[in-house]
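Where a number appears in this text, it was derived from the coordinates with a stated rule and is not lab data. Treat the numbers as computed from the prediction; the structure is a model and nothing was measured. As a convention, Cβ positions derive from the backbone with ideal geometry for all residues, glycine included, and neighbour counts pool all protein chains shown.
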Amino acid sequence: MNIVINLNKQKDISSQQAVTQVKKLFAAKKAGHAGTLDPIATGVLIVCLNEATKITRFLSDLDKEYIARFKLGERTDTYDVTGKIIEKVDLPVIQESEIHSVLKNFTGQIQQIPPMYSAMKIGGQRLYKLARQGININVPHKIVHISEITLIDFHQPYLELKISCSKGTYIRTLCDDIGRTLGVGAHMVSLKRTRVGNFRIEDSASLEELKYKKGACSSIDSAISHLNEIILDEFAYKKAKYGIDVISITKDLPINQYIRLKDPENNLFGIGLVESTRIKIERLMNLPAAETAGYL
């Protein structure tokens with residue numbers, strides 16, 4: 001079964017543990033996920049089974065949406081509730097207008113420094129492993145995009161936000177930065193991912209619900225429907241299915257964009273990258289015709 005699953009991950013398990021549980025439930029040979037959630041986080045985790053593991057990179061690049069709850073007045077070494085408190089202040093009365101004013105500084109393109117307690121690699125080593133050894137290094141900043149931050153609830157000391165952002169955004173870092181800008185510090189106490197691209201929390205299923213909630217499962221073609229598609233003629237298809245680049249047959253395709261490759265019968269068989277005059281074959285998939293048509 002080559003499917004993509006919109007899993008509602010539970011709290012206190014890693015993303016890989018969640019994937020292992022799904023793999024066992026479906027007796028899949030291969031399984032992977034498209035974008036890690038920390039153990040304390042819940043919500044949308046895209047799990048890909050068998051041939052669908054070939055498209056994880058094209059799903060992990062999608063924009064995300066989160067609901068995050070922060071506690072003001074305390075900073076931790078991990079930027080979340082799992083860490084040790086490293087700074088604590090007596091909170092002054094903070095007005096909601098101050099919150100709105102600060103949030104404006106965190107929309108659009110912003111710089112972030114990934115937290116030491118993260119899976120990011122520096123010099124081939126995971127940052128969290130260095131942090132556990134007491135090693136603190138200078139981590140280079142990265143550019144991320146925050147398209148929208150909405151204040152959902154504010155009852156001091158707790159602040160709840162809805163955040164729409166690009167891939168690679170560290171919500172824990174955003175929390176710490178907002179707290180420092182307010183001058184009181186903050187750490188994240190809960191996080192729910194509510195959307196990855198077109199995968200919404202409303203359409204997700206818990207591990208238990210997957211046994212009967214089939215709407216949380218989609219075909220590979222449906223899962224990457226955000227990519228443009230091209231139907232190749234028989235000559236081009238015979239070349240492409242062996243990984244041979246083909247001449248671009250239309251000028252309407254955007255350069256340096258990935259596209260779904262279809263055979264003459266409109267069946268998905270791969271993903272290509274549009275170059276100036278040709279389509280480079282990036283991924284080939286072995287899919288039964290029924291699955292490419294969306295039947296699971």
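Compared with the alpha-carbon gap, the fully stretched path from Ile113 to Arg278 is longer by 55.6 nm at 0.36 nm per residue. Taking other Cβ atoms within 10 Å as a rough exposure proxy, Asp252, Asp80 sort from fewest to most as Asp252, Asp80.
Placing +1 on the Cβ of every Lys and Arg and -1 on the Cβ of every Asp and Glu, with no other charges, gives segment 227-292 a dipole of roughly 180 debye about its Cα centre.
Exposure here means at most 12 other Cβ atoms within 10 Å; with chymotrypsin sites (Phe, Trp or Tyr not before Pro) in a DSSP loop as sites, the longest stretch of the chain lacking them is 1-211. Charges were assigned to the Cβ only: +1 to each Lys and Arg, -1 to each Asp and Glu. The resulting dipole of segment 165-241 about its Cα centre is roughly 180 debye. What the phi angles of segment 15-29 give under the Karplus curve with 6.51, -1.76 and 1.60, with θ = phi - 60°, is a coupling list of 4, 5, 5, 5, 4, 4, 5, 5, 4, 5, 4, 9, 6, 7, 7 Hz, glycine and proline written as x.
Couplings 3J(HN,Hα) of segment 61-76, computed from phi: 6, 6, 5, 10, 9, 9, 10, 10, 10, 10, 10, 7, x, 9, 9, 10 Hz, in residue order, whole Hz [Karplus 6.51 cos²θ - 1.76 cosθ + 1.60, θ = phi - 60°; x for Gly and Pro].
This model, with +1 at the C-beta of Lys and Arg and -1 at the C-beta of Asp and Glu, gives segment 179-296 a dipole about its Cα centre of some 480 debye. Solvent-free Debye calculation, one equal scatterer per alpha-carbon of the chain: log10 I(q)/I(0) at 0.13 Å⁻¹ equals -0.97.
Using a cut-off of 18 Å between Cα atoms, the listed pairs Lys239/Lys262; Lys11/Lys213; Lys9/Lys214 include Lys11/Lys213 as exceeding that distance.
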